[in-house]
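Working notes, structure below.
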Amino acid sequence: MDREKQAFITHICKELEDENIAIFAGAGMSAGTGFVNWSELLRPIAEELGLDVDREHDLVALAQYHCNDNGNNRSQLNQRLIEEFSRDANETEVHRILSRLPIRTFWTTNYDKLIESSLVKTGKTPDVKHTKQQLAFTKPKRDSVVYKMHGDVEHPSDAVLTKDDYEKYHVKMEQFLSSLKGDLISKTFIFIGFSFTDPNLDYILSRVRVAYDGNQRRHYCFIRSVQKNDGESDADYEYRQRKQLLFIGDLNRFNIKTIIIDDFDEIETLLKLVEINHKKKSFFISGAAHDYGSWGETKSLSFVSSLSSKLVRKGWNVVSGFGLGIGSSVICGALEEIYVNQKRSIADQLLLRPFPQSASTQSLPTLWTMYREDMISHAGFTILVFGNKLNDGEVVLSNGMLEEYEISKKKNNIILPIGATGYMAKKIWEKEYQSLSAAENTDDNFLTLFFELGDETKSPEQILVVIQNIIEYSIKKGELHG
């Protein structure tokens, strides 16, 4: 991976921590979902006009020609919009990744509902704005705002489609442009699937550049490198390359950094790396204990509380399912650090998902699996401690911890089983250590630290030091994990 892409991931992860990221989604972000592009949307319209859509470059003008030819009646355009963008379509993985990240602002010129539906499926509440009147109202408990600046498929008569619509936009939708201007000034945008031919965006970018010349906020966009077409001459290919370089240089005027990709699949890959590395500062603590082994209850609970407290003190986040016998200690350690020492909000660094004890519509094991999937999706590390429970009067290994381990592996979390605590954590540590030892690409320093996690001769205090060392080493080992 080249230096510019690494710098992109590092910068975006930093901005995500402060919730300063905004997304601007163009038509390209919905590519691959089955929706037509602008050319296909207007193909029958062009044929009716006696034109070939493949030979037309100004599709907005083409839509205007249709209106002109029909006495300013756009009903056929509206119907095309409904037909093509109302049918069901699955979100892309890019949609799903973005919906999982702490992104509170989405702007789009798309008419479809893929952004808001992916947010809903992630358990978030989107506040969708596609009219200026909606800007005055706030949806209760919203997680993200989705600004649909060209309208919504369910309101086709208000959609921005024709040249006339674009020319009147800065007057009719001035409030939208003001909101966009404010976000461009205060947030870092990632432009995805956007061609930068929209005159409304150009209008705003120009004014932000003039007002903040030399002090504009850094933004990013993805552009695919020019590919040579079959039968294309070298001269034509080099001409298109030169034109792309000049276009990229022009984007620099607005402090929009171009990430050049060879294939559109690279966008998904880069965003996955952003998600993985963003989660590296969040820790899911898996544990259950009826019996505390050789350490005894007092030392064990103190160990768990100290572990949670130290994670929060480092500025990291703790995710807990309130595990049997240790959940209270996880919470107490985190709360003491948050409230007493840092005086911050609990929501900043502690995510709790207590397991439900009854279910009305599905079996409890199924519901618990869903809870585990949700909890672990918020973390990049999984720390496993103890792992036992009482079953018919007998202490047995925790099958819940085993499931949490398997889910964590599936999600590519960094697994830290504290084998020194015994029980299921020890079984998992033995399995992981054997696997790491056999692998050819295992980092020797990581393996040495991992071995110490299972050293039963060490005291709880010494194990805490080992945990901190292996976490810091894993984070510093490379900005990019995954």
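How far, in degrees from 0 to 90, does helix 399-410 lean away from the longest principal axis of the Cα atoms of the chain, to the nearest 10? Helix 399-410 and the main axis of the chain meet at about 40 degrees.
Our summary gives region 357-470 a relative contact order of 21 percent, counting only alpha carbon pairs under 8 angstrom and 6 or more residues apart. When the listed pairs LYS14/LYS129; LYS187/LYS272; LYS5/LYS272; LYS280/LYS314; LYS281/LYS314 are checked against a 18 Å cut-off, the alpha-carbon distance exceeds it for LYS14/LYS129; LYS187/LYS272. Per-residue Cβ neighbour counts within 10 Å put ARG217, ARG3 in the sequence ARG3, ARG217, beginning with the fewest. Assign one of three labels to region 1-158, namely rounded, prolate or oblate, based on the Cα gyration tensor with a ≥ b ≥ c the square roots of its eigenvalues; rounded applies when a/c is under 1.5, prolate when it is not and a/b is larger than b/c, and oblate otherwise. Taking the square roots of the gyration eigenvalues as a ≥ b ≥ c, region 1-158 is prolate.
A straight chain from LEU245 to GLU430 at 0.36 nm per residue would run longer than the Cα-Cα distance by 61.2 nm.
Label separation (GLU238 vs GLU40): 3.6 nm, computed from points 7 Å beyond Cα along the C-beta direction.
Between GLY287, VAL330, GLY315, the Cα set farthest toward the positive side of the dipole of region 281-476 (charges on each charged residue's Cβ, about the Cα centre) is that of GLY315. For GLU167 and GLU83, what does the FRET efficiency come to when R0 = 22 Å and r is the distance between their Cβ atoms, rounded to the nearest 0.05? Working from the Cβ atoms, E equals 0.25. Counting beta carbons within 10 Å around each of ARG104, ARG80 and listing the fewest first gives the order ARG104, ARG80. With viscosity set to 1.567 mPa s at 4 °C, what whole-number translational diffusion coefficient in µm²/s follows for the chain from Stokes-Einstein and a Kirkwood radius over Cα pairs? Value of D from the Cα-based Kirkwood radius: 51 µm²/s. The magnitude of the dipole of region 163-310, with charges of +1 and -1 set on the Cβ of Lys/Arg and Asp/Glu and taken from the Cα centre, is near 860 debye. Roughly how tilted is helix 163-172, in degrees to the nearest 10 and between 0 and 90, from the longest Cα axis of the chain? Helix 163-172 and the main axis of the chain meet at about 60 degrees. The residues CYS332, CYS13, when put in order of fewest to most other Cβ atoms within 10 Å, stand as CYS332, CYS13. What's the angle, to the nearest 10 degrees (0 to 90), between helix 234-251's Cα axis and the longest principal axis of the chain? In the chain, helix 234-251 runs at an angle near 70 degrees to the longest axis. Give me the percent relative contact order of region 1-135, please, defined on Cα pairs under 8 angstrom at least 6 residues apart. Reported as a whole number, the value is 32 percent.
When peptides 280-287, 17-24, 56-63, 67-74 are sorted by average Cβ neighbour count within 10 Å, with the highest value leading, the order is 280-287, 17-24, 56-63, 67-74.
Counting only Cβ charges, +1 for Lys and Arg and -1 for Asp and Glu, the dipole size of region 281-476 around its Cα centre is about 580 debye.
With the highest mean first, a sort of the peptides 439-448, 189-198, 292-301 on other beta-carbon atoms found within 10 angstrom per residue produces 189-198, 292-301, 439-448. Would you work out the relative contact order for the chain, in percent, from Cα pairs under 8 angstrom that are 6 or more residues apart? Contact order relative to length: 12 percent. Seen through its C-alpha gyration tensor, with square-root eigenvalues sorted a ≥ b ≥ c, region 281-476 comes out rounded because a/c lies under 1.5.
Read-outs: derived from the displayed coordinates by stated rules, not from any lab. Since the model is a prediction, treat every value here as computed from it, not as a measurement. Neighbour counts run over all protein chains shown; Cβ positions are idealised from the backbone, glycine included.
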